[in-house]
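Undergrad: My questions all concern the structure below.
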Amino acid sequence: MKLAVRTIKILFLLFPLLLVHSCDQIQESEVPSIPFNFNINLIIDNDLTIPGNSKFYPYVGYGGLIVYCETSDTYYAYDATCTHELNTTCKVENKGVLGECKCCKSKFILQGGGYPAEGLATAPLRQYNVARLSSSTLRVYNN
């Protein structure tokens, strides 16, 4: 009985340390967070209704915005700033499911998180929120 109580006390003391350590593993993007709220009309931008397509929107976010259509109900949005270069002149150019930095040639997979697939970049692209407002309108935001 004493051993069980002692084990519980040790676990109780170690749990906060494990929790703090696991939170340290989450890597926040170094790309500056610029608040914005941007709507996309899918009737006008109907290329984004086709799975596998992506589109670049300049002047949104820090280095521009890339929106990727995975399915008719699933969209991803990323800042076009390369996480290796970290400046607005080195943009990730979208090419369907891939994005490639024109400066360092790092490649990112735009499906499911913007993770680097090749090159010098080690961090994923800054991801933004996407909400479907109606059958023809997407809201992309960071606030």
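Undergrad: Considering segment 129-143 alone, what residues qualify as being more than 14 Å from residue 44 (Cβ to Cβ), modelled with pLDDT of 95 or more and in contact with a Phe, Trp or Tyr (Cβ under 7 Å, 6 or more places away or on another chain)?
TA: 129, 130, 140, 141
Undergrad: Anything in segment 83-128 that is in contact (Cβ under 8 Å) with a residue 40 or more places away in the chain and either assigned to a loop (DSSP other than H, G, I, E, B) or small (Gly, Ala, Ser) (or both)? List them, or say none.
TA: Within segment 83-128, 83, 86, 96, 97, 99, 110, 111, 112, 123, 124, 125, 126 qualify.
Undergrad: When segment 36-45 is examined, which residues are found to be assigned to a loop (DSSP other than H, G, I, E, B) and either loosely packed, with under 13 Cβ neighbours inside 10 Å or touching a Lys or Arg at 6+ places or on another chain (Cβ under 7 Å) (or both)? Let's see the steps before the verdict.
TA: Of the residues in segment 36-45, the ones assigned to a loop (DSSP other than H, G, I, E, B) are 36, 42-45.
Answer for segment 36-45, where residues must be assigned to a loop (DSSP other than H, G, I, E, B) and either loosely packed, with under 13 Cβ neighbours inside 10 Å or touching a Lys or Arg at 6+ places or on another chain (Cβ under 7 Å) (or both): 43, 44, 45.
Undergrad: Among the residues of segment 102-143, write down those that are among the basic types (Lys, Arg) and surrounded by 14 or more Cβ atoms within 10 Å (Cβ to Cβ).
TA: Result: 107, 126, 132, 139.
Undergrad: Go through segment 47-79 and give me each residue that's within 22 Å of residue 135 (Cβ to Cβ), touching a residue at least 24 places away in the same chain (Cβ under 8 Å) and of a type outside the set (A, V, I, L, M, F, W, C).
TA: 52, 53, 54, 55, 68, 70, 73, 75, 76 - these are the residues of segment 47-79 that are within 22 Å of residue 135 (Cβ to Cβ), touching a residue at least 24 places away in the same chain (Cβ under 8 Å) and of a type outside the set (A, V, I, L, M, F, W, C).
Undergrad: Can you tell me which residues in segment 46-80 are over 13 Å from residue 93 (Cα atoms), among the hydroxyl-bearing types (Ser, Thr, Tyr) and in a strand (DSSP E or B)?
TA: Residues satisfying the conditions are 71, 74, 75, 76.
Residue-wise test of (1) closer than 26 Å to residue 143 by Cα; (2) in contact with a Lys or Arg (Cβ under 6 Å, 6 or more places away or on another chain); (3) at pLDDT below 95.
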position	(1), (2), (3)
32	yes, no, yes
51	no, no, no
70	yes, no, no
77	yes, no, no
105	no, no, no
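The values are calculated or read from the model by the stated rules, or taken from the named source; none is laboratory data. What you see is a predicted model, and the numbers here were worked out from it, not measured in a lab. As a convention, Cβ positions derive from the backbone with ideal geometry for all residues, glycine included, and neighbour counts pool all protein chains shown.
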